[in-house]
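Q: Here it is, the structure, as structure tokens.
The values are calculated or read from the model by the stated rules, or taken from the named source; none is laboratory data. Given the structure is predicted, the values throughout are model-derived calculations rather than measurements. Positions of Cβ are generated from backbone atoms using ideal geometry, with glycine treated the same way; all protein chains shown enter the neighbour counts. Side chains are part of the model used for accessible areas, which takes the heavy atoms of the whole protein and leaves out ligands, DNA and RNA. Shrake-Rupley method; radii C 1.70, N 1.55, O 1.52, S 1.80 Å.
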Amino acid sequence: EGTGGEEEVLTSSVEAVAFAPSAVNTNWCATGGMDGLLKIWDLTTCQCRQICSPKHNTTMEDATAPAEEEKTNDGGEGTGITRLQWHPTLPLIFTSSPDGAIRLYDVRNGQLVHSLSGHIDMINDMDIQFIMPENGVGGGKAMVVTASDDKCVKVFEVDVDMVLAQSQQQ
């Protein structure tokens, strides 16, 4: 029986939430909202430990300041988060958004490491099948399927190891 626990008041609608896989950290949880911020929470301290933003150089102060009004569900042009999914073995999260983009974040440093496009309207749902290397080392491949208000279902393939290597070179 739950007690309701700690409560954090956020500045915008929260659309997605997920526990980190045990291979990543059993004490982490992620939330994504219509403000476009992916927040990583430490459940042992009930504190936000990292904020990931599609704006590359967002600081903790920038991210916690009241956001300017932006289009979200009504216009389909916002950078909010509609779904999120953790990588099963690495501290990475895929997000989908109303602007039709899929983003991949490294939650250790908050860095946007990859972005995919193809939809012209809001992504309503997303699922990912991870294909891990036979030797169990590395991030493998991610088969991402999305459903959008543009009346399309799209499938994307992401080579996680290649994306990480490219992001480290930048």
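Q: Probe 1.4 Å, all protein chains in place: accessible area of Arg83 in Å², nearest 10?
A: My reading of the accessible area for Arg83 is about 90 Å².
Q: Could I have the simple spin-label model distance between Glu134 and Val14, label points 7 Å from Cα toward Cβ, reported in nm to one decimal?
A: 4.3 nm
Q: Ranked from the most accessible area to the least, with a 1.4 Å probe and all protein chains present, what is the order of Thr31, Thr89?
A: Thr89, Thr31
Q: Continuing with the same structure: I'd like the distance separating the alpha-carbon centroids of region 12-47 and region 118-167, in whole Å.
A: Using only Cα atoms, the two centres lie 20 Å from each other.
Q: With a cut-off of 11 Å, note down the residues of region 10-37 whose backbone N falls inside the zone around a label point 7 Å from the Cα of Arg49 toward its beta carbon.
A: 20, 24-30
Q: Follow-up. Which distance in nm do the two modelled labels at Ser115 and Asp42 give, with both placed 7 Å along the Cα-to-Cβ direction?
A: 3.0 nm
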